1. Can you tell me which residue among A:VAL34, A:VAL101, A:VAL39 is touching a residue at least 12 places away in the same chain (Cβ under 8 Å), assigned to a helix (DSSP H, G or I), open to solvent by 30 Å² or more (accessible area, probe 1.4 Å) and β-branched (Val, Ile, Thr)?
2. If you take the residues in region B:171-195 that are part of a loop (DSSP other than H, G, I, E, B) and within 9 Å of another protein chain (Cβ to nearest Cβ), which one is least open to solvent (accessible area, probe 1.4 Å)?
3. Could you tell me which of the residues B:ALA228, B:ALA215, B:ALA256 is out of contact with any helix residue (DSSP H, G or I) (no Cβ under 8 Å at 6 or more places or on another chain), of a type outside the set (Val, Ile, Thr) and on the phi < 0 side of the Ramachandran plot?
4. So in region B:4-25, with the set limited to residues that are surrounded by fewer than 18 Cβ atoms within 10 Å (Cβ to Cβ) and away from every other protein chain (no Cβ under 14 Å), which one is farthest from B:ASP317 (Cα to Cα)?
5. Within the bounds of region A:143-155, is there any residue that is more than 20 Å from B:ALA22 (Cα to Cα) and either part of a loop (DSSP other than H, G, I, E, B) or out of contact with any helix residue (DSSP H, G or I) (no Cβ under 6 Å at 6 or more places or on another chain) (or both)?
6. Given the residues B:TYR73, B:TYR58, B:TYR30, which is the only one that is away from chain A (no Cβ under 14 Å), assigned to a helix (DSSP H, G or I) and among the aromatic types (Phe, Trp, Tyr)?
7. Test B:ARG28 against the criterion of being surrounded by fewer than 22 Cβ atoms within 10 Å (Cβ to Cβ), under 30 Å from A:PHE134 (Cβ atoms) and modelled with pLDDT of 95 or more, and give yes or no.
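The values are calculated or read from the model by the stated rules, or taken from the named source; none is laboratory data. In this text the structure is predicted, and so the values were computed from the model without any measurement. Here the Cβ positions follow ideal geometry from the backbone for every residue, glycine too, while neighbour counts run over all protein chains shown. These accessible areas exclude ligands, DNA and RNA; they are computed on the full protein's heavy atoms, side chains included. Shrake-Rupley method; radii C 1.70, N 1.55, O 1.52, S 1.80 Å.
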Amino acid sequence: MSRLEQTFRESGRRTLLMPYITGGYPDVDGCRRVLEAFVAGGADIIELGVPFSDPLADGPVVQASAQAALDAGVTLKDVLRLAAEFSDRLPVVLLVYYNCVYAYGQERFLREAAAAGVDGLVVPDLPVDEAEEFMAGCHREGIDPILLVAPTSSDERIERIAGSASGFIYCVSVAGVTGARTELSDSLPSFLAKVRDRTDVPLAVGFGVSDAEQAAEVSKHADGVIIGSRLISIVNEAGDIEKACDAVESFLCEVNRVLV
Amino acid sequence: MSVPSRFGEYGGRYIPETVIPALDELARAYGELKDDTGFRQELQGLLKTFVGRPTPLYHASHLSEKAGGARVYLKREDLCHTGAHKLNNTVGQILLAKHMGKTRVIAETGAGQHGVASATAAALFGLPCVVYMGEEDIRRQELNVVRMKLLGAEVVPVSSGSRTLKDAINEAIRDWVTNIEDTYYIIGSVVGPAPYPAIVRDFQTVIGEEAREQALELEGRLPDEIIACVGGGSNSIGIFTPFLDDAGVQLTGVEAAGEGLETGRHGASITAGRRGVLHGSLSYLLQDEFGQILEAHSISAGLDYPGVGPEHAFLHDEGRVDYRSVTDREALDAFVLLSESEGIIPALESAHAIAHVLKADGYSKDDFIVINLSGRGDKDVHQAAEALGLAQ
């Protein structure tokens, strides 16, 4: 059993908290401190983004953070180093667009990710149909390839995704890009139930979860909740990194208190 | 009938899961409609009476003199309604959208020609249309922005990344992901996830079909060479496709060398790029060692794109099409020459294809050459005036 699956299993029925930050944002050291705040705030799994120039699954907040990281010279190597620093303490999942894997060389990418202790890889632009070779490579390196399922996915596709999934399934809460939203979709519970019917793999929900109230709602139906854009906004609004980390930690503690 | 999703190893559907069912739906609808008699008739009717087809194959005698006396013909796509080949595709796709019951269309645009063609097709069918356009392109192509607005489209400026075509495509895809139920995305070139590259190619193939017939009529034989500019690659695929099996017809694609390939400021994805994944397909790209997409550069907004259609990548690897490049300066010179000597102001994109003929040696009077004049240059006059020092 993979470390991710172990983590879900050991949590019993409590929903896991999975905060996201773009690797190297606001800068490499700042990102390290935000990751410390994730740990202090009670994160169960860390999700770390590899900044990409053309992140077409992301809304404006994550896009801007990726561009800022790239402008500051952050590369994949920096992100892997950050992953390695934290993977002793918590499972780490990397979110990476496929061209960053392809350009680096898939085998080399997976080998170095495994060496950094990365537990799972989310590739938002690699749907299951294109992922066969990638998934096989992940399994060889002991990494869980994390597949996404969307509210638009047909029953047939959900079955296919569920059949290939390991670690957890990333359930996209709404048809859209990442970014905080004021309301959750009404159809989220029925969508999750549909996926649940087809698999025993844990389900984590992301895209649009922006406060404790929504996280609490999600936690009634899901095994994990992913929060990204809201955390980046908190960092942006804080003024300096010290305040940003305090705000991130207290936000995560607040969310953690309401997860069931 | 099924629609191909790969050209050799290129193409595919590297796109978020949310979009996949919509691509399946599109492939299914197109597969059913493409050989449907009613659909074909409706499309052909529009191509004839609305777009203004067939476009002429024109013997450019002065240009011929400059090309070693070869017989040089221009396929006059600049005479299509809205001023470029782009309308062939948008008319076809809007018919698809209508058959699929979509109530809103979106598009991206670089030079603005595809945006205008999308807005025109949407106006024709009474559908609301949103066009994403990079801020940098909005500045360069003001005329087309006004045209789109007059046609009732909403033009949304894109300020992310390089603020050009690539970023406009990202933004259009984001809109599509969000409004997938009711929205049809009209892609403007042979790029994007499958089945788009095949669909756009099919709708543009009318250019080559006509050119083939006209060549046989005018010269009694097939051309020795066909030349077209390549940005995303729709006008070139359109004219090349009916000749792919004619081994005697040399096919030449001309990419933008911008300020020179050696400067790194260019748009020559095939000539100077590497394989990678952008906008849903595997093809050649301008990128750094970590896969970050580089900004393309060209004086022509329509060639200012760091990728290229996957079928071009395949045709390059197969050696069927020869890909060359032409600099901004050479394109500008050709722009002036065609204007002065033939009375035709070409689009800066198409001027790249003209420039290749002027630059290449070794043409003789026995050669029969067809250049795809993909668009007219009205949209480029401000920029040309600036570059040529004609501005007041």
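1. A:VAL39
2. Per the criteria, the residue is B:ILE180.
3. On the way: B:ALA228 fails: out of contact with any helix residue (DSSP H, G or I) (no Cβ under 8 Å at 6 or more places or on another chain); B:ALA256 fails: out of contact with any helix residue (DSSP H, G or I) (no Cβ under 8 Å at 6 or more places or on another chain).
One residue alone meets the criteria, B:ALA215.
4. This residue is B:PRO4.
5. Looking only at region A:143-155, we keep the residues that are more than 20 Å from B:ALA22 (Cα to Cα), and these are A:143-146.
With the extra rule that they be either part of a loop (DSSP other than H, G, I, E, B) or out of contact with any helix residue (DSSP H, G or I) (no Cβ under 6 Å at 6 or more places or on another chain) (or both), the set shrinks to A:143, A:146.
Yes, region A:143-155 has at least one match.
6. B:TYR30
7. Details: surrounded by fewer than 22 Cβ atoms within 10 Å (Cβ to Cβ): yes; under 30 Å from A:PHE134 (Cβ atoms): yes; modelled with pLDDT of 95 or more: yes.
Yes: the conditions hold for B:ARG28.
Residue-wise test of (1) open to solvent by 10 Å² or more (accessible area, probe 1.4 Å); (2) over 17 Å from B:ILE226 (Cβ atoms).
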residue: B:LEU338; (1), (2): no, yes
residue: B:GLU342; (1), (2): yes, yes
residue: B:LEU348; (1), (2): no, yes
residue: B:ILE354; (1), (2): no, no
residue: B:ASP361; (1), (2): yes, yes
residue: B:PHE368; (1), (2): no, no
residue: B:LYS379; (1), (2): yes, yes
residue: B:ALA385; (1), (2): yes, yes
